[in-house]
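Taken together, the values in this text are just the output of simple stated rules run on the coordinates, not laboratory data. What you see is a predicted model; the values in this text were computed from it and never measured. Here the Cβ is made from the backbone with ideal geometry for all residues, glycine too, and neighbour counts use every protein chain on show.
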Amino acid sequence: MAAHARNAATTLADAGLHFIVLKLASASRSAPCPEPSIIGNASVEAAVRQAGLASATVRPTMHLDNLLKPSAR
């Protein structure tokens, strides 16, 4: 995952992109955190920073969760 993130971020920066919005699937936690999704998210964010891209990160951990509840139907 880290290699893919580095390749994507470098390619975007080389193409002239200056800003990216990251949509990550889980909340952030302070390091060290052994959870694989948190480690993966951190590697994506690091790759974007290292490529010199400015970014905004969205972490909608409850996105569309209400669609599963009977009261929301």
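Between LEU17 and ILE39, the FRET efficiency from the beta-carbon distance, with R0 = 30 Å, is close to 0.75.
Scoring 11-21, 49-59 by mean Cβ neighbours within 10 Å over their residues and listing the highest first yields 49-59, 11-21. With 0.36 nm allotted per residue and the present C-alpha distance subtracted, the ALA31-HIS4 stretch has 7.5 nm of extension available.
Remark on SER55: its backbone amide H falls under 5 Å from those of ILE20, a criterion applied only to residues 5 or more positions apart or on other chains, H modelled at 1.01 Å from N.
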